[in-house]
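Novice: Have a look at the structure that comes next, please.
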Amino acid sequence: QVQLVESGGGLVQPGGSLRLSCACSGSIFGINTLGWGRQAPGKERELGAAHSTIGSTNYADSVQGRFTISRDNTKNTVYLQMNSLKPEDTAVYYCNYRDRRGEFWGKGTLVTVSS
């Protein structure tokens, strides 16, 4: 119903920046939440940032002030600008879409923060 394709992951040094993109296609409802989750090695997947079409933008405490989520509804694309990256940010980052039908996830893109 909804297809999500992430891109932009890679290797970056601590303190560096990276910008992730997610192209959305399919049956997208007018009321939805689009965001980014991540799963670090040995940990459960968590939601890092999200934006609702009828609500506010939300960030996890761990990324507040460093990550910025934005979306271009014309292009059906959501971005995650990541600054001041830390080694603990290393994870597979997944694009997340939610509407009244349920939840959809992309296949993920790996971000490795290491010197």
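Novice: Does I28 meet the test of being of a type in the set (V, I, T), under 27 Å from Q1 (Cα atoms) and assigned to a loop (DSSP other than H, G, I, E, B)?
Specialist: On the way: of a type in the set (V, I, T): yes; under 27 Å from Q1 (Cα atoms): yes; assigned to a loop (DSSP other than H, G, I, E, B): yes.
Taking the combined requirement at face value, the residue satisfies it.
Novice: Now, a different point. Tell me which of these S84 doesn't satisfy, since it passes every other one: (1) out of contact with any strand residue (DSSP E or B) (no Cβ under 8 Å at 6 or more places or on another chain); (2) at pLDDT below 95.
Specialist: (2)
Novice: Right, next: Being surrounded by 15 or more Cβ atoms within 10 Å (Cβ to Cβ) and hydroxyl-bearing (S, T, Y) is the filter here; which residues of segment 55-83 pass it?
Specialist: Within segment 55-83, Y59, T68, T77, Y79 meet the criteria.
Novice: Criterion first (closer than 16 Å to L4 by Cβ, touching a Phe, Trp or Tyr at 6+ places or on another chain (Cβ under 6 Å) and either assigned to a loop (DSSP other than H, G, I, E, B) or in contact (Cβ under 8 Å) with a residue 40 or more places away in the chain (or both)) does Y79 satisfy it?
Specialist: Working: closer than 16 Å to L4 by Cβ: yes; touching a Phe, Trp or Tyr at 6+ places or on another chain (Cβ under 6 Å): no; either assigned to a loop (DSSP other than H, G, I, E, B) or in contact (Cβ under 8 Å) with a residue 40 or more places away in the chain (or both): yes.
Against the criterion (closer than 16 Å to L4 by Cβ, touching a Phe, Trp or Tyr at 6+ places or on another chain (Cβ under 6 Å) and either assigned to a loop (DSSP other than H, G, I, E, B) or in contact (Cβ under 8 Å) with a residue 40 or more places away in the chain (or both)), Y79 does not qualify.
Novice: So which pairs qualify, if the first residue must be in segment 20-35 and on the phi > 0 side of the Ramachandran plot, the second must be assigned to a strand (DSSP E or B) and open to solvent by 10 Å² or more (accessible area, probe 1.4 Å), the Cβ gap must be under 9 Å, and the two must be at least 6 apart or on different chains?
Specialist: Hits for this filter: G26/V2; G26/Q3; G26/L4; G26/F104.
Novice: Also, quick follow-up: Check whether at least one residue in segment 49-60 is in contact (Cβ under 8 Å) with a residue 24 or more places away in the chain and touching a Phe, Trp or Tyr at 6+ places or on another chain (Cβ under 8 Å), and report yes or no. Talk me through it step by step, then tell me what you get.
Specialist: Filtering segment 49-60 down to residues in contact (Cβ under 8 Å) with a residue 24 or more places away in the chain leaves 49-51.
Filter once more, so that each one left must be touching a Phe, Trp or Tyr at 6+ places or on another chain (Cβ under 8 Å): 49-50.
Yes, segment 49-60 contains a residue that is in contact (Cβ under 8 Å) with a residue 24 or more places away in the chain and touching a Phe, Trp or Tyr at 6+ places or on another chain (Cβ under 8 Å).
Novice: Further question: Look through L11, L34 and report the one residue that is open to solvent by less than 70 Å² (accessible area, probe 1.4 Å), among the aliphatic types (A, V, I, L, M) and not in a loop (DSSP other than H, G, I, E, B).
Specialist: Values: L11 fails: open to solvent by less than 70 Å² (accessible area, probe 1.4 Å).
The conditions single out L34.
Novice: State all residues of segment 18-31 that are surrounded by 13 or more Cβ atoms within 10 Å (Cβ to Cβ) and small (G, A, S); if no residue qualifies, say none. Break it down stepwise before answering.
Specialist: First, the residues of segment 18-31 that are surrounded by 13 or more Cβ atoms within 10 Å (Cβ to Cβ): 18-24, 28-29.
Within segment 18-31, S21, A23 qualify.
The values are calculated or read from the model by the stated rules, or taken from the named source; none is laboratory data. This structure is a prediction, so every number in the text was calculated from the model and none was measured. Cβ sites come from the backbone with ideal geometry, for glycine too, and all protein chains shown count toward neighbours. The accessibility values were calculated without ligands, DNA or RNA, using every heavy atom of the protein model including side chains. Shrake-Rupley method; radii C 1.70, N 1.55, O 1.52, S 1.80 Å.
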